Amino acid sequence: MREIYQLPIPTMKIRTYSELSQLETFEERYRYLRLQDVVGRSTFGFDRLINQRFYHSNEWKRLRSFVITRDNGCDLGILGYEIYSGLLIHHMNPISLDDIRDGGDLLFNPEYLITTTLQTHNAIHYGDETLLPRGPVERTKGDTTLW
């Protein structure tokens, strides 16, 4: 009789705000959050209505306000990366339709949420650092290069 061996399914480490906040630079925080093994995973498809109902709930709106305040309205919570429009709250651990249906801890615990811009959010999901915002350009005396 032939035995069938299955490769173990890799488990993704749960990312937390407590760990993220220990990282000082924007780049370190991005690398901590970057999704490498789940890029391109389907995000709700035909069940998008359930997803959107969740994001329009009063409970989500209250939590969103809390996270924005905690992060000082800054991209990945880093001062100097203030967000003036297009602010998103990112689930640091990918959520599923079952998470939304069951109301799991990954949805409503601020320990698993961070403030981002759309560009940073996309960089995290697609693993593309070129999408990240650039820091301020240092100017020097006699510098005539435009931004």
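The values are calculated or read from the model by the stated rules, or taken from the named source; none is laboratory data. On a predicted model such as this, the values are computed, not experimentally measured, just so you know. Positions of Cβ are backbone-derived with ideal geometry, glycine not excepted, and every protein chain shown enters the neighbour counts.
Table for the structure above
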quantity	calculated
Condition check for residue 89: within 13 Å of the chain's Cα centre (by Cα), of a type in the set (A, V, I, L, M, F, W, C) and modelled with pLDDT under 95	no
Subset of region 58-72 (residues that are over 14 Å from the mean Cα position of the chain (by Cα) and surrounded by 14 or more Cβ atoms within 10 Å (Cβ to Cβ))	60, 63, 70
Wholly enclosed helices (runs of 4 or more DSSP H) of region 7-71 bearing at least 3 residues in contact with a strand residue (DSSP E or B) (Cβ under 8 Å, 6 or more places away or on another chain) and at pLDDT 70 or above	58-70
Identity of the residue in region 114-135, farther than 26 Å from residue 59 by Cα and among the hydroxyl-bearing types (Ser, Thr, Tyr), that ends up surrounded by the most Cβ atoms within 10 Å (Cβ to Cβ)	126
Leading residue by the ranking (surrounded by the most Cβ atoms within 10 Å (Cβ to Cβ)) among those in region 94-113 that are in a helix (DSSP H, G or I) and free of Cβ contacts under 8 Å to residues at least 12 places away in the same chain	99
Among (1) under 13 Å from the mean Cα position of the chain (by Cα); (2) closer than 16 Å to residue 23 by Cβ - the single one residue 81 does not satisfy	(1)
